[in-house]
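Below: one structure, written as structure tokens.
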Amino acid sequence: MNNVGASAIQDIKIERENGVYFNVVMSSAAGHYLGSVSYEDGYFSPNSRDTGYYPSADAVIVDFPDAITLDQAFECAKKDGYIK
């Protein structure tokens, strides 16, 4: 199942532990990648880059179909109480 674009957080499996959300498709000036983000005291911070760079978010999803978007991680962090 491709989670990018999934609208309901409860319908997707989001790997998380203590405010760190895993398998998140992110981007930088160098390209798109799979990594993790952390939310603490209401602030977001990239936590890790777990792959090399890809030319697009869609290319990341091809290799990691269970990945989530940064927006989905943010919504989950709000639901979990890390962001008010």
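The values are calculated or read from the model by the stated rules, or taken from the named source; none is laboratory data. Keep in mind it's a predicted model, so treat the numbers as computed, not measured. Here Cβ is always computed from backbone atoms with ideal geometry, including for glycine, and neighbour counts include all displayed protein chains.
A quick yes/no check of all residues on (1) farther than 16 Å from residue 14 by Cβ; (2) crowded, with 17+ Cβ neighbours inside 10 Å; (3) among the aliphatic types (A, V, I, L, M):
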{"site": "45", "(1), (2), (3)": "yes, no, no"}
{"site": "50", "(1), (2), (3)": "no, no, no"}
{"site": "54", "(1), (2), (3)": "yes, yes, no"}
{"site": "59", "(1), (2), (3)": "yes, no, yes"}
{"site": "62", "(1), (2), (3)": "yes, no, yes"}
{"site": "73", "(1), (2), (3)": "no, yes, yes"}
{"site": "82", "(1), (2), (3)": "no, yes, no"}
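Checked against the criterion of being free of Cβ contacts under 8 Å to residues at least 60 places away in the same chain and of a type in the set (Phe, Trp, Tyr), the candidates 82, 43 yield just one match: 43.
The number of residues in region 59-79 that are in a helix (DSSP H, G or I), touching a residue at least 12 places away in the same chain (Cβ under 8 Å) and acidic (Asp, Glu) comes to 2. Against the criterion of being in contact with a His (Cβ under 7 Å, 6 or more places away or on another chain) and in a strand (DSSP E or B), residue 25 qualifies. Considering region 10-25, the residues that are of a type in the set (Val, Ile, Thr) and over 14 Å from residue 39 (Cβ atoms) include one that is modelled with the lowest pLDDT, namely 12.
Of all the numbered requirements in (1) touching a strand residue (DSSP E or B) at 6+ places or on another chain (Cβ under 8 Å); (2) assigned to a loop (DSSP other than H, G, I, E, B); (3) at pLDDT 90 or above, residue 46 misses one, and that requirement is (2). Selection over region 11-36 of residues that are of a type in the set (S, T, N, Q) and buried (at least 17 other Cβ atoms within 10 Å of the Cβ) gives a count of 2.
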